[in-house]
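The values are calculated or read from the model by the stated rules, or taken from the named source; none is laboratory data. Source: prediction; values computed, not measured. Note that we place each Cβ from the backbone using ideal geometry, even for glycine, and neighbour counts take in every protein chain shown.
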């Protein structure tokens, strides 16, 4: 699916229907839109950043997009093809809480070690804060990326200087911090 074809093949359509929460009509519409925006059938990281900048005009999404791009680019080809795009969109917009948690863990585990350090958490949170700029009011215990990262480790009774977070910790965190579930369901019903 890396090359531009004006229409999805029956096989591609069938496999994407099985791999996503989209029906045939939705997949065809998304594909047309993807090709309109990416005539080559592939989205580069630079193009990805340009798109995000439209949605976050008061911040700088570049760093966040670098991390996000790595999760979308499942085959590490340095491009996002339609299949990678639509599967991720399906998970983030219509997936189960478990699927969204798994996807979020992959975002934080950008070094693909199966665990996340305090510095990994801080890097993602810092990139997120740079992206949102002043758009979102933050509570006193989350005013800075460091305070937010500290809060995550404190909620999990983890030592930020030596402990690593595993996927199970992310699941536990989603029960301890209501903001996590709120963020995970923020795109529900939009697509």
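Structure values in brief
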| read-out | value |
| --- | --- |
| Check on residue 83, over 11 Å from the mean Cα position of the chain (by Cα), in a helix (DSSP H, G or I) and either in the same structural domain as residue 30 (by TED's automatic domain parsing) or farther than 22 Å from residue 131 by Cβ (or both) | yes |
| Criterion (assigned to a loop (DSSP other than H, G, I, E, B) and surrounded by 15 or more Cβ atoms within 10 Å (Cβ to Cβ)) met by exactly one of 130, 160 | 160 |
| Single residue of 69, 82, 52 found to be closer than 29 Å to residue 108 by Cα, surrounded by 14 or more Cβ atoms within 10 Å (Cβ to Cβ) and in contact with a strand residue (DSSP E or B) (Cβ under 8 Å, 6 or more places away or on another chain) | 69 |
| Number of the condition not met by residue 120 [criteria: (1) over 14 Å from the mean Cα position of the chain (by Cα); (2) in contact (Cβ under 8 Å) with a residue 60 or more places away in the chain; (3) part of a helix (DSSP H, G or I)] | (2) |
| Condition met for residue 149 (modelled with pLDDT of 95 or more and under 27 Å from residue 60 (Cα atoms)) | yes |
| Helices (runs of 4 or more DSSP H) enclosed by the stretch 21-79 - at least 2 residues per element that are without any contact (Cβ under 8 Å) to a residue 12 or more places away in the chain and not assigned by TED's automatic domain parsing to the domain that holds residue 121 | 24-37, 45-55 |
| Matching residues, the stretch 15-66, being in contact with a helix residue (DSSP H, G or I) (Cβ under 6 Å, 6 or more places away or on another chain) and under 23 Å from residue 120 (Cα atoms) | 45, 48, 49, 52, 56, 59, 60, 61, 62, 63, 64, 65 |
